Every structure is written in structure tokens, then in C-alpha cells.
Protein chains: 2
Amino acid sequence: MSGFVRRVPEGDSRERLICADCGHIAYENPKIVVGSVVVHGDAVLMCRRAIEPRRGFWTLPAGYLELGETLEEGAAREAWEEAEADIAIDGILAVFSISRIGQVQVIFRARFVDRASFAAGVESLEVALFEPEGIPWGELAFPSVRWALEAWRQIGGGPLGTPSGNPASDPRGERRGIASEPPP
Amino acid sequence: MSGFVRRVPEGDSRERLICADCGHIAYENPKIVVGSVVVHGDAVLMCRRAIEPRRGFWTLPAGYLELGETLEEGAAREAWEEAEADIAIDGILAVFSISRIGQVQVIFRARFVDRASFAAGVESLEVALFEPEGIPWGELAFPSVRWALEAWRQIGGGPLGTPSGNPASDPRGERRGIASEPPP
């Protein structure tokens with residue numbers, strides 16, 4: 001990015017990345033991650049990451065929303081790409097702000113459209129269904145995976161209410177570490 | 001943007017904007033708009049836009065989430081910038097996908113922290129409280145303003161449940177026009 005400088009564009013109030021050659025402003029906006037807690041009976045679908053960061057750790061099918069997609073379409077695409085799972089969206093389970101890295105996460109509760117069919121996509125080492133007591137709590141990839149799983153454990157298959165948000169222990173999404181013990 | 005070309009970066013599956021000189025990839029991601037239905041008694045706070053697009057039309061205090069903010073912080077900042085309103089967030093009222101323009105909108109229900117104090121910020125011509133029957137339904141700036149107001153009218157000051165989403169008439173956020181008649 002040799003051609004980019006940081007300055008405040010005319011009419012703006014914040015520094016932006018601007019190409020010194022052509023004047024293009026590369027706005028750095030927060031990004032939207034969409035994902036799903038895909039539930040089958042009492043079990044949840046999880047993926048072991050084949051890519052960095054956190055290769056080898058467990059996550060939910062989730063990724064960046066792309067231009068032209070609705071939130072639900074993005075979540076369904078990620079479930080297919082990472083877990084070859086054809087899912088039906090139930091509703092919003094949780095909305096998290098991860099301000100440290102400029103992310104907003106919208107996590108849905110979902111189910112399989114037909115039978116519980118899944119396989120490791122190219123970004124996954126393996127994909128599996130876990131009942132709560134079998135979830136690899138000590139090997140979760142990110143704090144928000146834990147938050148989403150805890151949100152699901154609170155409501156199970158019951159009615160979706162107001163979405164869960166960040167936990168009181170990290171209201172702005174600033175902490176790096178994840179607790180490894182199972183939740184109470 | 002003379003130096004940018006469109007091609008698929010290595011390891012990616014979609015075309016991106018890439019600077020032909022330095023290789024910088026200008027990812028074009030969906031953007032997050034945060035806003036609020038700020039309620040005072042039976043009335044809602046609205047702003048008449050001083051800027052394009054839709055100058056002179058009515059909207060809710062809302063704007064792009066910035067890096068480093070939580071969703072709630074962004075909504076509170078926008079309420080201050082556009083309406084000089086000091087608000088307390090109640091919870092998520094609605095989440096909309098506007099796929100036509102690559103936007104996700106997270107709309108909160110909020111109230112004034114103290115008394116109902118407000119004034120036109122630099123991006124507003126005027127700011128006012130409207131009871132439902134007084135809302136300028138024929139002069140709304142965007143379809144999603146209408147959707148958010150309708151979501152609020154459905155629940156009023158009652159408990160927030162699952163967030164409202166796009167209406168059945170525009171599930172992907174693709175339509176440009178807004179209906180001008182009051183909702184039934």
C-alpha cells in the first residue's frame with residue numbers, strides 16, 4: 001500500500017486511507033460476519049478450522065457477508081461453504097460487536113432443510129454435531145463462538161426473543177482470550 | 001480510481017478492486033448502518049435531511065458505524081450528531097438487509113437519557129417529535145425509515161421481541177420506491 005496516505009478528506013471528520021496518486025479513498029468500515037448455530041435435535045453443528053487464524057480450533061459456520069447478499073443468504077452460503085450443510089434460517093439468535101477488530105456479528109439459529117447432511121468444506125478440517133456436554137469448550141476458535149453457543153444453550157429450541165448481545169464481561173468486544181472451561 | 005483494476009485475487013473466488021500499481025485490494029464490503037427510533041411518550045424523534053440524497057425528506061437518526069465502535073455507541077453518536085439528542089439504548093428493534101446497495105441496518109429502540117432535548121445537527125434541517133398520526137408518511141427519505149417506524153408502531157413501548165426484518169414485499173431490500181400512504 002505504498003501509494004496510500006492517511007488524511008482527513010474534505011467534509012469528513014476522520015482520517016481515511018487515501019491513494020496519493022489517484023485520490024481514491026479506501027474507507028475502512030466495520031465488517032459484517034454472518035453465521036449460524038445449526039441445530040439438530042439437541043446437537044449443534046461445528047467446524048474445525050483448516051485455515052488461520054486459529055487453525056485446528058472449533059467454530060460455527062460463519063464468515064463475511066458479501067455485497068448483494070441479505071444476512072440470511074450470507075449465513076446460508078457460509079454453512080454450505082464450510083460445512084456443506086443446506087440450512088433453513090430460523091431467526092436471529094445473537095448480535096455481537098467486536099470493536100477491537102471492527103466487526104459486527106449476526107448469528108442465526110438454523111436447522112437442516114432436509115436430513116442432517118454435512119461434510120468438511122475447503123476451509124474445514126472436520127465438521128461434526130455436538131450435544132452441549134460434548135462441545136469442545138477448551139478448543140473454541142473465538143470468544144464469540146462461545147457467546148453464541150451460550151445464547152443457544154439458554155433458549156434451546158424455544159422461542160427466539162430479543163437477540164443476545166455481548167456478555168457483561170466484554171461489552172465492547174475488546175478482549176482477546178477465551179475462557180476454556182465449560183459454562184456453568 | 002485510475003489505478004484500480006477488477007480481478008480475482010489468489011485464493012479468492014470473487015472479483016475485487018485491486019490497485020495495479022501497489023497490489024492493494026480495496027475490498028468492497030457491505031456497510032453497517034446504525035440508527036434509532038427514539039421514543040418519548042407516544043412520539044418518535046425524526047430529522048429532516050439537510051444533505052443529499054433525499055435532502056428535505058424525513059428520516060431517523062442513523063448513519064454508518066465507524067471502526068472501533070459498538071453498534072450501540074454508533075447509534076448514540078448518530079443521534080447526537082444529527083439531532084443533538086442524548087439517548088439511552090433500549091434494545092434492537094429491527095435488522096434490515098438492503099442488498100441493492102450493500103447495506104445492513106441495525107435499528108434500536110431508544111429514549112432520551114434525561115428530558116426530551118434535541119436540535120438540528122449539521123446534517124439536519126429540522127428535528128421534531130411526531131406522534132404516529134403526525135408522521136410525514138409521504139415525505140420519508142427511505143423505505144427502511146418506513147419499515148422501522150412500522151416495527152415501532154407494532155410494539156410501541158411493549159417488550160422487544162425478535163427484531164423485525166424486511167417486509168414480505170421486499171425481502172431482499174431491492175426496491176427503490178417508498179409507499180407514501182400511511183400504513184394501515
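Restricting to segment B:77-100, name every residue that is in a helix (DSSP H, G or I), in contact (Cβ under 8 Å) with a residue 24 or more places away in the chain and not polar (S, T, N, Q).
Of segment B:77-100, the ones in a helix (DSSP H, G or I) are B:77-83, B:99-100.
Okay, now just the ones that are also in contact (Cβ under 8 Å) with a residue 24 or more places away in the chain, so B:78-83, B:99-100.
Answer for segment B:77-100, where residues must be in a helix (DSSP H, G or I), in contact (Cβ under 8 Å) with a residue 24 or more places away in the chain and not polar (S, T, N, Q): B:Glu78, B:Ala79, B:Trp80, B:Glu81, B:Glu82, B:Ala83, B:Arg100.
Restricting attention to segment A:42-78, and to residues there that are over 12 Å from the mean Cα position of the chain (by Cα) and at the interface with chain B (Cβ under 10 Å from one of its Cβ atoms), which single residue is surrounded by the fewest Cβ atoms within 10 Å (Cβ to Cβ)?
In this case the residue turns out to be A:Ile51.
Sort through B:Glu28, B:Glu81 and tell me the only one that's open to solvent by 10 Å² or more (accessible area, probe 1.4 Å), at pLDDT below 95 and either within 14 Å of another protein chain (Cβ to nearest Cβ) or over 27 Å from A:Leu65 (Cα atoms) (or both). Break it down into steps so the answer makes sense when it comes.
Values: B:Glu81 fails: at pLDDT below 95.
Only one candidate qualifies: B:Glu28.
Can you tell me which residues in segment B:133-169 are within 14 Å of chain A (Cβ to nearest Cβ), of a type in the set (A, V, I, L, M) and in contact with a Pro (Cβ under 9 Å, 6 or more places away or on another chain)?
Hit for segment B:133-169 is B:Ala151, nothing else.
Looking at segment B:96-126, which of its residues are buried (at least 20 other Cβ atoms within 10 Å of the Cβ), at the interface with another protein chain (Cβ under 10 Å from one of its Cβ atoms) and among the aliphatic types (A, V, I, L, M)?
As a first pass, look at segment B:96-126 and keep what is buried (at least 20 other Cβ atoms within 10 Å of the Cβ): B:96-99, B:104-110, B:118, B:124.
Subsequent filtering for residues that are at the interface with another protein chain (Cβ under 10 Å from one of its Cβ atoms) retains B:96-99, B:104, B:106.
B:Ile98, B:Val104, B:Val106 - these are the residues of segment B:96-126 that are buried (at least 20 other Cβ atoms within 10 Å of the Cβ), at the interface with another protein chain (Cβ under 10 Å from one of its Cβ atoms) and among the aliphatic types (A, V, I, L, M).
Every residue in segment B:1-15 that is outside any loop (DSSP other than H, G, I, E, B), modelled with pLDDT of 80 or more and surrounded by 11 or more Cβ atoms within 10 Å (Cβ to Cβ), please. Before the answer, list the steps.
Going through segment B:1-15, the residues outside any loop (DSSP other than H, G, I, E, B) turn out to be B:4-7.
If we keep only those that are modelled with pLDDT of 80 or more too, we end up with B:5-7.
Once the filter is applied, which keeps residues that are outside any loop (DSSP other than H, G, I, E, B), modelled with pLDDT of 80 or more and surrounded by 11 or more Cβ atoms within 10 Å (Cβ to Cβ), segment B:1-15 yields B:Val5, B:Arg7.
The values are calculated or read from the model by the stated rules, or taken from the named source; none is laboratory data. For clarity, every value in this text was computed on a predicted model and none was experimentally measured. FYI the Cβ positions are ideal-geometry reconstructions off the backbone, even for glycines, and counts take in every protein chain you see. With ligands, DNA and RNA removed, areas are computed over all heavy atoms of the protein, side chains included. Shrake-Rupley method; radii C 1.70, N 1.55, O 1.52, S 1.80 Å.
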